[in-house]
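See structure below.
Readers should treat all values here as calculations from the given coordinates under stated rules, not as data from a laboratory. Since we're looking at a predicted model, the values are computed, not measured.
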Amino acid sequence: MNTKKNISKQIEIGEVIISSDALKTIVGIATYKVNGVAPLEKGFVSSIKDRIGKKSITRGISIKVENDKAIIDVNISVEYGKNLMEVASNVQDEVEKAISTTTNLKVENVNVTVSEVNIINEG
């Protein structure tokens, strides 16, 4: 089994490589486009990473590419009062569409875990 994080394709004049960070950013942008998705709360380690420049949009995202098929895991926080299953399903749809259209990669799975419910203080 050929498992890797970056994807590459040989073309006539050289090789094109799409890094795992680029793939994670695409997934992060697609995820946050979905109504009801809230930023994951920062733990101690993620707070340190943010201070040294690690992007928070890719927090909770992992991607594996096996035989030119992507397996994507996304952890999300959902706003309180939103339907968790509906939001998670919409994330799956958006992520699959974004990866397919921007990379021509086949998406085998988009696994979504709702790991937090975000309570927004009003007032």
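A few notes on this one:
- Where Cα atoms sit under 17 Å apart: lysine pairs in region 3-118 separated by 8 or more or lying on different chains: 29
- Of the beta bridges in region 3-118, as assigned by DSSP with both residues counted there, near 60 percent are antiparallel.
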